Amino acid sequence: MTDTIFAPATAAGRAAVAVVRLSGPRSGEVLRALAGRLPAPRRATLRTLRHAGEEIDRALVLWMPGPDSYTGEDSAEFHVHGGRAVLLALSEALAAAGARSAEPGEFTRRAFEVGKLDLAQAEAVADLVDADTAAQRRQALLQLDGALGAAHAAWRDLLVEALAMLEAAIDFPDEELPADVAERTRPPLRRLAAGLGTAIADAGRGRQVREGFRIALIGAPNAGKSTWLNALAGRDAAIVTDIPGTTRDVIEVPVEWAGYKVLLADTAGVRDTGDPVEAEGVRRAAAWAASADLRLWISDLSAAPAGEDAAERLVRAGDLRLLNKSDLGAPIPAPGPSEVRSRVTSARDPAEVDEVRALLTEQIVASAAGAFPAGTRGRHVEALQAALSHVERALAELEPELAAEDVRLAVRALDSIAGRIGADEVLGRVFATFCIGK
C-alpha cells in the first residue's frame, strides 16, 4: 500500500457539496500542496485550494493522520462545491500532486488489510451503502458491529478445543492422559454439527433481507395475475388486457413493506402450449416460482381455464391461493390443496387488496424475525456448509490424525468468513463489488 489514492465519496451529478477522499503515505504532502498547510487533526478547516497558481475552490478540509483513520493510513477529505468543473479540477490537481484514482472498494480493502475491519464487516460496509430499506440498514449495522463474527466465535472455540484434545492424543500418546481423550471430542462436535446445520437452514433470512423477499404470482392465463401485481405494487407496472397470454416474460417489481424489500414477479400464464415463445415464458415462470420464497396462486372464479393443474404443481406448503374475481358473483369452488391457504377475493376491491397485502407483510415479517442470521451472503453459506462437511467427516473418522485434519479444515472454513485466511482472488471478488470511493 505505497500508493496514495483519491476518489469522490459522493455520487456524481450536480450537488451543493461533494466529498473527495484521500488516503496513503503521501496524503499530508498532497494536502499541503493544495491547501498550503495541514489543519489540526480531525478538525474541519476552511481553506482555499490552489493548483498551478489557479484557485480551484474554497473548501472544508479535514486531516486524519493514521492510524486513527478509516483506512489506518494518513487520510484527508475535501468538502468542495458539487459542480462538475470543481470536481474535475480537484481530481487533476490531486493526480498532479502524486495521488492516483482509487479502484472500487480500495479504501475499505486497506482498512481490512490493516485489521480495522474483518472481511464480514467490510461486506457490511458495502451492504450499508446499498441499503434501501430499514431492515437492510439494521442488518448491515449489526454485521458491521461484529454480530456475524460473534455468531461464529463460539463454534470456532469448540473446534479449537476439540483440536487441542485430538492433538494431545496424537502427540503425547505416552503421557498420563485419559485413555478416551480423543473420544471426548465427539459430544462437542455433534453439538457443533447440529448448530451449523440449523445456521445453514436459517441463512435464507439474511439473504431475504439483503436481496428482497421473492413473491411469484402464478396461475393460468387471464386469471388476473397482472391486475394483482399492479394492485399490490400500487402502480401500473404490467399491461392488463382480456387477451390470454399477454404476459410472456417475468416482470419484476420491487416494493417496500414494513421496512423490508419485496420483489413481486408477474409471470406468464401456466398452460400447455405449442407456441414456442409462450412455452419459453411458461418455463421461466416455473423457474422463478421454484426459487421464490412464496408463491401467490391466482385462480379465476369466473372460468375454468386450462392451466389450473399446471399451476397447482408449482405451489408448496405455506403458499397462498387467491380465488380471484369474486366481484363477478361466480360460485366458490371446492378448496384446493390443504397445505395451501385460500382466500376468496377481488383485485378490483381496494379493501381486499389491502388485506392481502397485510397478510403477505405479516408473513414476511415473521419469516425475517429471529436472532441475527449466521450468514447473509452465498459466500457465508458455502463456508458454513464446508465447515459442517468437515465436522461430519471428523465424527466419522476412527483415527485421531484424520479427525484432527478435518477439524483444522473446519476452522479454516469458518475463518474464511472473517477473512483471517483467504486467497487474493476471494478478496478481489469481495471488494470488486464496492463503489468507487469506498
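Structure notes:
- Of residues in region 53-105 being of a type in the set (Asp, Glu) and within 15 Å of Ala35 (Cβ to Cβ), the one nearest to the chain's Cα centre (by Cα): Glu77
- Within region 392-415, residues that are more than 20 Å from Gly197 (Cβ to Cβ) have Cβ atoms under 7 Å from residues that are assigned to a helix (DSSP H, G or I) and of a type in the set (Gly, Ala, Ser) in these pairs: Pro400/Ala169, counting only partners at least 6 apart in sequence or on another chain.
- Every residue from region 308-326 that is part of a helix (DSSP H, G or I) and small (Gly, Ala, Ser): Ala310, Ala311, Ser326
- Every residue from region 43-53 that is at pLDDT 95 or above and surrounded by fewer than 15 Cβ atoms within 10 Å (Cβ to Cβ): Arg43, Ala44, Thr45, Leu46, Thr48
- Restricting attention to region 122-137, the residues that are closer than 17 Å to Val365 by Cα, assigned to a helix (DSSP H, G or I) and touching a residue at least 24 places away in the same chain (Cβ under 8 Å) total 3.
Okay, residues lined up against (1) under 11 Å from Val61 (Cβ atoms); (2) surrounded by 13 or more Cβ atoms within 10 Å (Cβ to Cβ); (3) modelled with pLDDT of 95 or more; (4) in contact with a helix residue (DSSP H, G or I) (Cβ under 8 Å, 6 or more places away or on another chain):
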| position | (1), (2), (3), (4) |
| --- | --- |
| Met1 | no, yes, no, yes |
| Ala11 | no, no, no, no |
| Ala15 | no, yes, no, no |
| Leu22 | yes, yes, yes, yes |
| Pro25 | no, yes, yes, no |
| Gly28 | no, yes, yes, no |
| Gly36 | yes, yes, no, no |
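The values are calculated or read from the model by the stated rules, or taken from the named source; none is laboratory data. Worth saying up front: this structure is predicted, and the values here are computed from it rather than measured. Quick reminder, even Gly has a Cβ in these numbers, built from the backbone with ideal geometry, and neighbours come from all protein chains shown.
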